[in-house]
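A quick write-up on the structure given underneath.
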Amino acid sequence: MSEDTVKLTSETALIMEKMVSLNPEDSRYQVLKAVVDYKASWIELAEHLNVVAANKEFKQWGYSKFKDYCDEELHIPSSMASKLVKSFQWVDREIPELLPRYIDEEGGERAAAKDGRVDEDVPRVLPDIDTVNVLLKAEREVAKDRLSQDVYDELKEKALKGEDDIKDLKKTLKESIVEPEKDLTLPKEQIKILRRSLSATEKIVTQLEESLGDDEELFELAQKLREKLFERVSAMLDAEAYGDAKADDGQASE
């Protein structure tokens, strides 16, 4: 038995031991049960955690922070808990008709979506949490104007229909992100360019000194270029620092 398996078994035993003393109808019990069932249904645990975090229920159970509750009682890293909560919120916002509470357990029929319609093309099975996280990232890129809404909708449709696996979704997302054009007239961008040029010039001076030390004219030209670039970068950095300090003074006087 691997170390991870032993750890998982031990943690599960601790959780189940805690469950024994709780009322099965209590929300605290339900969250613990969802942790035990996590591998079978991540969405159920995610929904419970979302409620606990939103209502700060963990405080009435003796924990001052959500992180402490996740680490000490659920044995789940807070980063994973945050991932679960955000994933549930995306599902609840984008495809609530696929949540377990909207599905009739006997017939497996889906309830209507929030707008009252049922799209027959939407599958009955929820995407896994990794797929949801790719779609969450895509949604954020749309908000930053680095991804078009059409591409996001296409990614979402392919993910929900199972047409693309996680690798393909990530590849499409990466290739579809459009980086905004940089304004090279801005002082910060000019400083970046000059710094790169200064670094390259310093390498040239070193190489000339090592290999062409007898060519004094060429060596002096390279040195002068390095000095000019250094002076320009220093002046621009001083001007930027002065501008920031002036802005801070203005804010302090308000």
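Every number in this text was worked out from the coordinates using simple rules, so none of it is lab data. It should be emphasised that the depicted structure is a prediction, and the values quoted were computed from it without experimental measurement. All Cβ positions, even for glycine, are placed from backbone atoms using ideal geometry, and neighbour counts span all protein chains on display.
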Inset, instruction - Lys and Arg at +1, Asp and Glu at -1: add these up for the other residues within a Cβ distance under 12 Å of Asp26 and post the number. - result: +1
Inset, instruction - Sort the following peptides by mean Cβ neighbour count (other Cβ atoms within 10 Å, averaged over residues), highest first: 16-24, 52-60, 154-162. - result: 154-162, 52-60, 16-24
Inset, instruction - Using the structure shown, select from Lys18/Lys67; Lys65/Lys86; Lys65/Lys144; Lys86/Lys170; Lys33/Lys56; Lys171/Lys203 the pairs with a Cα to Cα distance greater than 25 angstrom. - result: Lys65/Lys144; Lys171/Lys203
Inset, instruction - For a quick protection proxy, order the peptides 144-153, 68-77 by their average other-Cβ count within 10 Å, most packed first. - result: 68-77, 144-153
Inset, instruction - Provide the net charge surrounding Lys167, with neighbours chosen by a C-beta distance below 14 Å and charges set as Lys +1, Arg +1, Asp -1, Glu -1. - result: -3
